[in-house]
Amino acid sequence: MLQRAWVLPLKSPGIILIAIGGAAFGLLRLLIPFGGVFGIMVAMFIYGYLAQYWLALVRAEATGEEGPLDPELDWDALISGCLSLFIFIPAILFGPALLAGWVGLSQLKVPLVALGAFMTPIALIAAALYDSVSAANPIYLIQGLSRVFLPYIMLCIWLGLSVGAGVWLFHGLHAGATTGLPSFGEIVLREIVLGVGQVYLLWVAGRLLGGFYRIYENRIGWSG
């Protein structure tokens, strides 16, 4: 699963999609700071499309689908993916921690945040598979997680190590891409390097999550 997650994206045509998509992501992100309604629209499009594509990637890996994903734009999937990843799932998983702080139970905030972080991978798998925020029902998630608890612990460890190592590597490349006061060309290069790196890491994380479900599908028991 680990080798597939890290190596498969580097094979053609995956590497081509990552390079082109990452560069486009980085360049479009340069437009966001120009602000106003235009900047907001660009940001919503970029992150909505990434959410749509990433959820489709997790779903494809979980079902064993081979071949490159079609990067076709689906506006309904873009909106639902954006809402799931950036609003509904964080609200379900981290809302209790915010509520605890609001009602004065600050001693519960850290444990609840840790619990939300721990539940995030399996919530993302459920959201990708069933394309519905209702799949992130905590009772539903805990039932599935309890059947694969030890493998899930290993998934969280490998996910953290893999993505953490990638973040360290690409931020190191980013730091080396510019020296002193950056020129416009260096700023563009920096955003392209970061964009490609971030899209690659999203691909790795998606493959890890989808591969985990594919291996333990019967034990998790979501398919019936």
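The values are calculated or read from the model by the stated rules, or taken from the named source; none is laboratory data. Keep in mind that what you see is a predicted model, and the values were worked out from it rather than measured. All Cβ positions, glycine included, derive from the backbone under ideal geometry; neighbour counts span all protein chains shown.
Below are the figures for this structure:
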{"read-out": "Filtered residues of region 199-224 (kept if in contact (Cβ under 8 Å) with a residue 12 or more places away in the chain and out of contact with any helix residue (DSSP H, G or I) (no Cβ under 7 Å at 6 or more places or on another chain))", "value": "ILE215, GLU217, ARG219"}
{"read-out": "Residue match in region 7-25 (condition: modelled with pLDDT under 75, hydroxyl-bearing (Ser, Thr, Tyr) and more than 16 Å from the chain's Cα centre (by Cα))", "value": "yes"}
{"read-out": "Number of the exception - LEU93 against (1) modelled with pLDDT of 80 or more; (2) more than 28 Å from VAL148 (Cα to Cα); (3) of a type outside the set (Ser, Thr, Tyr)", "value": "(2)"}
{"read-out": "Candidate set from region 76-99 (those that are under 17 Å from ALA114 (Cβ atoms) and among the β-branched types (Val, Ile, Thr)); member that is surrounded by the most Cβ atoms within 10 Å (Cβ to Cβ)", "value": "ILE89"}
